[in-house]
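The values are calculated or read from the model by the stated rules, or taken from the named source; none is laboratory data. Computed from a predicted structure; not experimentally measured. What goes into the accessible areas is simple: the full protein's heavy atoms, side chains included, and nothing from ligands, DNA or RNA. Shrake-Rupley method; radii C 1.70, N 1.55, O 1.52, S 1.80 Å.
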Amino acid sequence: MTTVDVACICQDEEEVLGWMLRACEALLPNLENVVIVDGGSRDNTLDVIASWKGRLPIRLFRHPFDNFAAQKNRALEHCTADWIVLADADMTW
């Protein structure tokens, strides 16, 4: 079976992150991990992530935001699946 990881960066995305996570459900059962790097959210983003942990294989990492490329690379470093979907928290498909 081909596996898929979703690599996502976020910061203060409580209003839209749920849409992206809902889209990730379409990748089950091939979805191996949803790797999220949070840049220091001050809203309820972490609560949204926690509420999805029972439905999706989420791996959360926290690193202060420095720039988009570095944050995305941090997420990619934790991906091991055959395919990787690079997504932003405000993306849906």
Practice task
Let me have the relative contact order for the range 10-64, percent, based on Cα pairs under 8 Å that are six or more residues apart.
Solution key: 47 percent
Problem - Long-range amide H partners of residue 59 with built H, under 5 Å - result: 34, 35, 36
Exercise for the section: May I ask you to evaluate 6.51 cos²θ - 1.76 cosθ + 1.60, the Karplus curve with θ = phi - 60°, for each residue of the range 7-13 and list the ³J(HN,Hα) values in order in whole Hz, giving x for glycine and proline? Expected result: 9, 9, 10, 7, 6, 6, 10
Handout entry: Probe 1.4 Å, protein heavy atoms only - accessible area per residue of the chain in square angstrom
Key = 55 Å²
Handout entry: Mean separation of Cα contacts under 8 Å (6+ apart) over length of the chain, as relative contact order %
Key = 47 percent
